[in-house]
1. What are the ³J(HN,Hα) values, in whole Hz, obtained from phi via the Karplus relation 6.51 cos²θ - 1.76 cosθ + 1.60 with θ = phi - 60°, for each residue of the range 80-92 in sequence order, with x given for Gly and Pro?
2. For a quick protection proxy, order the peptides 165-172, 13-20, 142-149 by their average other-Cβ count within 10 Å, most packed first.
3. On a full-extension model of 0.36 nm per residue, what is the gain between Q168 and I120, subtracting their alpha-carbon distance, rounded to one decimal in nm?
4. How many nm is it between the label spots at A140 and A20, if each spot is 7 Å from the Cα in line with the beta carbon?
5. Enumerate the calculated ³J(HN,Hα) couplings along the range 67-75 in order (Karplus 6.51 cos²θ - 1.76 cosθ + 1.60, θ = phi - 60°), each rounded to whole Hz, writing x wherever the residue is Gly or Pro.
6. Starting with the highest mean, order 65-73, 177-185 by the number of other Cβ atoms within 10 Å, averaged over the residues of each peptide.
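None of the figures in this text is laboratory data; all of them are computed from the coordinates on show. None of these values were measured; they are calculated from a predicted model. Methodologically, a virtual Cβ is constructed for each residue, glycine included, from the backbone with ideal geometry; neighbour enumeration extends over all protein chains shown.
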Amino acid sequence: MEVFGVDLTGLLPFILVGFAAQIVDGALGMAFGVITNTLLVGMLGVPPALASQRVHVVECFTTATSGISHLLNGNIDRALFFRLLVPGVVGGVTGAYLLSSIDAAAVKPFVLAYLTGIGIYLLVRGLLYPPKLRAAKHVAPLGLLGGFLDAAGGGGWGPVVTSNLLIQGAEPRKVVGTVNTVEFFLTVAISATFIFHLGIVDLAGATAGLLIGGIVAAPFGAIAAKRFSPKVMLILVGVVLTATSLYGIWTAVAG
């Protein structure tokens, strides 16, 4: 089926992937970049730099929609937002610049192994202990590292930043909303850097499908984040982070 010369049947799988990935990302603060990059690189054979470029262009739109939705649902911590913003953008631009010049695949398995451990810890913590909320202390270095890994690894801002802020005891709902909102500014900076080095990205085909699905799903993810209890969110974040990281390790080793 074609509309305005676009094959909707071919786009449908990517729309569904974008929708599912953004539902998870909006509700738990992670996984859009991980899921979509796995699809583009692992299944379609897109080069890592080009895949990261395309996903970040899509995320410029999905994170804007998600950020507005989280704002309307009261899921944003203003102080945490500004503490993450500048370090995250600096790290993201640096990672995008390096990925345009080198292949960062060698580092990825080590990062994924670390995230697997964090995921298991959060899962156990959610299952066995009622979460005790407290203000996060180590924010700026976390934002710098998360931004760098997000650009260089094609995804990682949510898993790295969200999981570590939760470990420090920050309120899950506010962590997810704030991290998702800061990600908009991060993705704009990363996309601009990629475009400067790699050229203008073509938004046709798979990228358009991811964009449509992600934008439609963004408001639902924010509503879910508001309704989940801190205990449930810790468990769900632990499960998603562990599963996606283990899958990433398996594909890296198998490939």
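1. 5, 4, 6, 6, 8, 4, 5, x, x, 5, 4, x, x
2. Final packing ranking: 142-149, 165-172, 13-20.
3. Length gained, Q168 through I120: 15.8 nm.
4. It works out to 4.1 nm between the two label points.
5. Running phi through 6.51 cos²θ - 1.76 cosθ + 1.60 with θ = phi - 60° gives x, 5, 5, 5, 4, 5, 8, x, 9 Hz.
6. In descending order of packing, they fall as 177-185, 65-73.
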